[in-house]
Amino acid sequence: MDLLAAAQALEASALGEWMRGSPVAYPAANLVHILGLVMLVGGIGIVDLRLAGLGQRIPLAPLAHVLTPIAITGVILLLVSGFLLFAADAGPLMKSAVFLRKMVLIAIALVNALAFQALSRGRIDAWDEGPPIAARVMALLSLLLWLTIATFGRLIAYT
């Protein structure tokens, strides 16, 4: 089964019908999606800005220790709510260039996050004086990617 056929099957499923037909399911999933985005970008965005050089008086390790779990919870909320939102309109979304670009950027952003975790593991305590250039680049890329992903998410409604 190809991806378009699988998407159309999901859209035609009981889940897809429920997401389209329920007066609360789609709006609730949309609100959870926004909450997840705020938690992700709010949490990891602050850490990214700190890595990029802003707020250097704030110790990096405790900041990351507090905000990273919030960002991870945001990603989980985004994935679950995004799947529910996708189920409502899966067929047309699979034909949307904006949606497909968003999915590619999500994959790149997640790889960037995993690479950053590998780079920073056990080392972030020593980065208060200045993280390595690779960490700074990854942080700026993270900000750019997540903000672009959020923008593409909003643009889907207009394409």
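No value in this document is a laboratory result; all are computed from the given coordinates. Quick caveat: nothing in here was measured; it's all calculated off a predicted structure. Cβ coordinates were reconstructed from backbone atoms using ideal geometry, including for glycine residues, and neighbour counts include every protein chain displayed.
Below are the figures for this structure:
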{"item": "Backbone HN-Hα couplings from phi across segment 37-52 [Karplus 6.51/-1.76/1.60, Hz, Gly and Pro as x]", "result": "5, 4, 5, 5, 5, x, x, 6, x, 5, 5, 4, 5, 5, 4, 6"}
{"item": "Segment 3-156, relative contact order [Cα under 8 Å, separation at least 6], %", "result": "34 percent"}
{"item": "Among 110-116, 20-26, the order from most to least packed when residues are scored by Cβ within 10 Å on average", "result": "110-116, 20-26"}
{"item": "Volume in Å³ per residue [convex hull over Cα atoms, computed for the chain]", "result": "116 Å³"}
{"item": "Hypothetical label at Leu140: residues of segment 23-64 whose amide nitrogen lies under 18 Å (7 Å Cα-Cβ projection)", "result": "45-56"}
{"item": "C-alpha center-to-center spacing [segment 103-136, segment 1-74] in angstrom", "result": "19 Å"}
{"item": "Charge dipole magnitude, Cβ of K and R +1, D and E -1 - segment 3-156, Cα centre, debye nearest 20", "result": "220 debye"}
{"item": "Fluctuation leader among Ile106, Ile58, Ile46 - the chain, Gaussian network, Cα springs under 10 angstrom", "result": "Ile58"}
{"item": "Karplus (6.51, -1.76, 1.60) ³J(HN,Hα), θ = phi - 60°, over segment 84-91, in Hz, Gly and Pro reported as x", "result": "5, 5, 4, 4, 5, 9, 4, x"}
{"item": "Förster radius 22 Å - calculated FRET efficiency between Trp18 and Leu79 (Cβ-Cβ, nearest 0.05)", "result": "0.75"}
